[in-house]
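Here is the structure we will look at.
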Amino acid sequence: MAWIRSIPVAEGILVGSLRLEQEFVERFFPRLQAFFRARVSNPDLREDLTQETLVAALLALRAGKLREASAMDAFVVGIARNQLAEALRLQAKNPAASEEIERPSLARGIEPELRLTVRKELHDLAELDQRILWLILIEGFRPAEVAPQVGLTEEAVRQRKSRSLRRLHEKLFGSLVTNPPFSTTLPQTNTAL
C-alpha cells in the first residue's frame, strides 16, 4: 500500500532527508499536475500552482504539521485545494486575470444537454460510488490508495468503479456498444491456430 511508504517519507522529511524530499516530489508532482490540469486552463498557472503546492507541502512536513503520516495523500491534496482557492481569491481581486482559471477546453465541446445528463446520472449514483469515481478519475488516486479512505478492499473499489462506469455508460449511450472506451477488460484473442 502506498500510504505505508508515506510514514518513513514523512518522518524523513521532518528530520531533513533530502533524498526523501526528492522521493516525495517524484511521487506527488505528476498527481498535482493532473489535479490542476482538470481545474486550470492556463499551462503556466498550472505549473506555478503545482510548484507552489510542492513547496508548501514540503515546508509543512518540515514543520511537523502532518498529524498522521498515513494521511499524507489527503494532506497534499488539501494543500493543493488551498493553493487553488488562493489563486481564485486573487483572480476575484484582479478581474484582468479572469481567463487564467477556468475549466480546460475539453468540456467546452460537450453539448450542454449531455453535460446536464451526465451530472444527473452521476448524482443518481450512490454517494460511495461518487466518491470512488472522484478519487480515482479526478484526484488520480489508485484503487489501493482509495480502499483505506472508503473502508473497502482494493478489489471492492475496483468492482464498484467498474460497475459505476458501466451503469453510466449504459444510461448515457445504451448498451449498443459492447466495449466502451473506458473498458478495463482486454479484448479476447483467438489463441487457437
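None of L49, L54, L59 is modelled with pLDDT of 80 or more and in contact with a Phe, Trp or Tyr (Cβ under 6 Å, 6 or more places away or on another chain) except L49. Return yes when R160 is more than 14 Å from the chain's Cα centre (by Cα) and open to solvent by 60 Å² or more (accessible area, probe 1.4 Å) and no when it is not. It is true that R160 is more than 14 Å from the chain's Cα centre (by Cα) and open to solvent by 60 Å² or more (accessible area, probe 1.4 Å).
Residue by residue, here is whether (1) more than 13 Å from E139 (Cβ to Cβ); (2) in a loop (DSSP other than H, G, I, E, B); (3) of a type in the set (F, W, Y); (4) touching a His at 6+ places or on another chain (Cβ under 6 Å) holds:
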residue: E26; (1), (2), (3), (4): yes, no, no, no
residue: S41; (1), (2), (3), (4): yes, yes, no, no
residue: A57; (1), (2), (3), (4): yes, no, no, no
residue: L61; (1), (2), (3), (4): yes, no, no, no
residue: D73; (1), (2), (3), (4): no, no, no, no
residue: A87; (1), (2), (3), (4): yes, no, no, no
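Before we move on, is G16 in a loop (DSSP other than H, G, I, E, B) and at pLDDT below 80? Judged against the criteria, G16 is a match.
If you go through segment 39-48 one residue at a time, do you hit one that is touching a helix residue (DSSP H, G or I) at 6+ places or on another chain (Cβ under 9 Å) and under 19 Å from W134 (Cβ atoms)? Scanning segment 39-48, I find at least one residue that is touching a helix residue (DSSP H, G or I) at 6+ places or on another chain (Cβ under 9 Å) and under 19 Å from W134 (Cβ atoms), so the answer is yes. Scanning segment 130-157 for residues that are open to solvent by 40 Å² or more (accessible area, probe 1.4 Å) and not in a helix (DSSP H, G or I) yields R142, G151, L152, T153. Considering only segment 127-134, I want to know if a residue exists there that is on the phi < 0 side of the Ramachandran plot and either aromatic (F, W, Y) or touching a Cys at 6+ places or on another chain (Cβ under 8 Å) (or both). Within segment 127-134, one or more residues are on the phi < 0 side of the Ramachandran plot and either aromatic (F, W, Y) or touching a Cys at 6+ places or on another chain (Cβ under 8 Å) (or both). Whenever a residue of segment 66-86 is free of Cβ contacts under 8 Å to residues at least 60 places away in the same chain and under 14 Å from Q51 (Cβ atoms), its partners that are open to solvent by 20 Å² or more (accessible area, probe 1.4 Å) and of a type in the set (A, V, I, L, M, F, W, C), lying with C-beta atoms within less than 6 angstrom and at least six residues away or across chains, give the pairs I79/A56.
Hey, could you check segment 19-46 for residues that are among the acidic types (D, E) and either closer than 22 Å to E145 by Cβ or open to solvent by less than 60 Å² (accessible area, probe 1.4 Å) (or both) and say which is modelled with the highest pLDDT? Per the criteria, the residue is E26. Considering E127, E86, the condition of being modelled with pLDDT of 80 or more and open to solvent by less than 80 Å² (accessible area, probe 1.4 Å) is satisfied by E86 alone.
The values are calculated or read from the model by the stated rules, or taken from the named source; none is laboratory data. Since the model is a prediction, treat every value here as computed from it, not as a measurement. Cβ sites come from the backbone with ideal geometry, for glycine too, and all protein chains shown count toward neighbours. In case anyone asks, the SASA skips ligands and DNA or RNA and just uses the protein heavy atoms, side chains included. Shrake-Rupley method; radii C 1.70, N 1.55, O 1.52, S 1.80 Å.
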